[in-house]
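The values are calculated or read from the model by the stated rules, or taken from the named source; none is laboratory data. Note that the coordinates shown come from a computational prediction; the quantities given were computed from them, not determined experimentally. Here the Cβ is made from the backbone with ideal geometry for all residues, glycine too, and neighbour counts use every protein chain on show. When the accessible area is computed, the model is the full protein with side chains, heavy atoms only, and any ligands, DNA or RNA have been set aside. Shrake-Rupley method; radii C 1.70, N 1.55, O 1.52, S 1.80 Å.
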Amino acid sequence: MNQLEIRNLSKTYPNGIKALNDISITITNGMFGLLGPNGAGKSSLMRTLATLQAAGSGEIFFNGQDVQKKPEIIRSVLGYLPQEFGVYPKVSALELLDHIAILKGITNSVQRKDQVHFLLQQTNLYDHRKKAVHSYSGGMKQRFGIAQALLGDPKLIIVDEPTAGLDPEERNRFLNLLSEIGENIIVILSTHLVDDVLELCPQMAIMNQGKIIKQGNPAVLTASLEGKIWRKKVSKSELPRYQQKLNIISSKLIAGETLIHVKADELPEVGFEQIKPSLEDFYFSTLQQTKQ
């Protein structure tokens, strides 16, 4: 069982922005979802865990060893797919993956060839292995990104906003691949898309303004709102009155009307219907509390 332990981690950039604010969390094998809006500090945390930037204060331990004192501890077992994954132009997937494998220290040519071919097959890219990676679709590039992250048999994989911009079919294929991978190692999925976490992650945390504000099992967290979520369609002109009067956690425009979700212990007023809470309701409710 692998364990990543983060203790009181903080990071302030030279411009004064506090990207990480006293974060403490422990993550073990399986898929872990890190959910939060853009600018919440997720990418800063991912880069710090990947030892691409130093923390201001705090500690990181992987399997009991101090990562900040010996960054090679985590680098040797890390697979990382950043939000922006650049590729060399005119280089085939086969050549690029082989090159990255050498950089990761896989020097045995037979072993390297076997691993490269296996990963191209696992990510469903083998038939496209001789094509230049820069010519791939968005989903294919993301799958190539996972292939390079899996080189060297990592124990910790970090993926930052992996499904942004993917069409539904590519998204499903990509998430299924992540799910297969994340059984015996730690996979941290950093995203602002609630559905990605709901479908994949038995454990999650919500991050905002550089802090972890809630963590736990998605189903258990969602169940805490049972009996407290109500919805109603209202006209655009009515919306300001409801915003002043009720605790609206989200609103969505549907066919010219606004569907509002309200958090309340009892029926807010006539015309509302009680609904089963979703993880999205919990997420928006939690974010709203941090603004108050």
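Yes or no: the stretch 65-72 includes at least one residue that is under 21 Å from the mean Cα position of the chain (by Cα) and on the phi < 0 side of the Ramachandran plot. Don't jump to the end; show me each part of the working.
At the first step, the residues of the stretch 65-72 found to be under 21 Å from the mean Cα position of the chain (by Cα) are none.
There is no residue in the stretch 65-72 that is under 21 Å from the mean Cα position of the chain (by Cα) and on the phi < 0 side of the Ramachandran plot.
For the stretch 203-227, a residue qualifies if it is in a loop (DSSP other than H, G, I, E, B) and either open to solvent by less than 70 Å² (accessible area, probe 1.4 Å) or among the β-branched types (Val, Ile, Thr) (or both), and the qualifying residues are 210, 217, 224, 225, 227.
Return yes or no: is residue 69 out of contact with any Gly (no Cβ under 9 Å at 6 or more places or on another chain), farther than 24 Å from residue 210 by Cα and not in a helix (DSSP H, G or I)? Walk me through it before giving the result.
Values: out of contact with any Gly (no Cβ under 9 Å at 6 or more places or on another chain): yes; farther than 24 Å from residue 210 by Cα: no; not in a helix (DSSP H, G or I): yes.
No: the conditions fail for residue 69.
With respect to residue 287, is the statement that it is at pLDDT 95 or above, under 28 Å from the mean Cα position of the chain (by Cα) and open to solvent by less than 70 Å² (accessible area, probe 1.4 Å) true? The answer is no for residue 287.
Of note, residue 259 satisfies the criterion of being closer than 22 Å to residue 194 by Cα and open to solvent by 20 Å² or more (accessible area, probe 1.4 Å). Entry remark, the stretch 73-114: residues being open to solvent by 40 Å² or more (accessible area, probe 1.4 Å), polar (S, T, N, Q) and either touching a helix residue (DSSP H, G or I) at 6+ places or on another chain (Cβ under 8 Å) or not in a helix (DSSP H, G or I) (or both) number 4 in total. With respect to (1) more than 26 Å from residue 138 (Cα to Cα); (2) touching a residue at least 40 places away in the same chain (Cβ under 8 Å); (3) part of a loop (DSSP other than H, G, I, E, B), the lone exception for residue 38 is condition (1).
Quick check: is even one residue across the stretch 231-251 in a strand (DSSP E or B) and either touching a Pro at 6+ places or on another chain (Cβ under 9 Å) or within 24 Å of residue 185 (Cα to Cα) (or both)? Yes, the stretch 231-251 contains a residue that is in a strand (DSSP E or B) and either touching a Pro at 6+ places or on another chain (Cβ under 9 Å) or within 24 Å of residue 185 (Cα to Cα) (or both). Taking residue 166 as the residue in question, decide whether it is surrounded by 14 or more Cβ atoms within 10 Å (Cβ to Cβ) and assigned to a helix (DSSP H, G or I). No: the conditions fail for residue 166. Of all residues in the stretch 79-95, those that are aromatic (Phe, Trp, Tyr) have Cβ atoms under 6 Å from Cβ atoms of residues that are in a strand (DSSP E or B) and surrounded by 16 or more Cβ atoms within 10 Å (Cβ to Cβ), 6 or more apart or on another chain, in 80/158. A search for C-beta distances below 9 Å between a residue of the stretch 252-271 that is hydroxyl-bearing (Ser, Thr, Tyr) and any residue that is not in a strand (DSSP E or B), counting only pairs 6+ apart in sequence or on different chains, returns 258/235; 258/236; 258/238; 258/239; 258/242.
Taking (1) closer than 25 Å to residue 33 by Cβ; (2) open to solvent by less than 10 Å² (accessible area, probe 1.4 Å); (3) over 22 Å from the mean Cα position of the chain (by Cα) in turn, residue 147 satisfies each apart from (3). Please count how many residues of the stretch 24-60 are exposed (fewer than 15 other Cβ atoms within 10 Å of the Cβ) and at positive phi. Final tally of qualifying residues: 1. Under the condition of being of a type outside the set (A, V, I, L, M, F, W, C), more than 30 Å from residue 200 (Cβ to Cβ) and open to solvent by 90 Å² or more (accessible area, probe 1.4 Å), the residues counted in the stretch 228-256 number 7.
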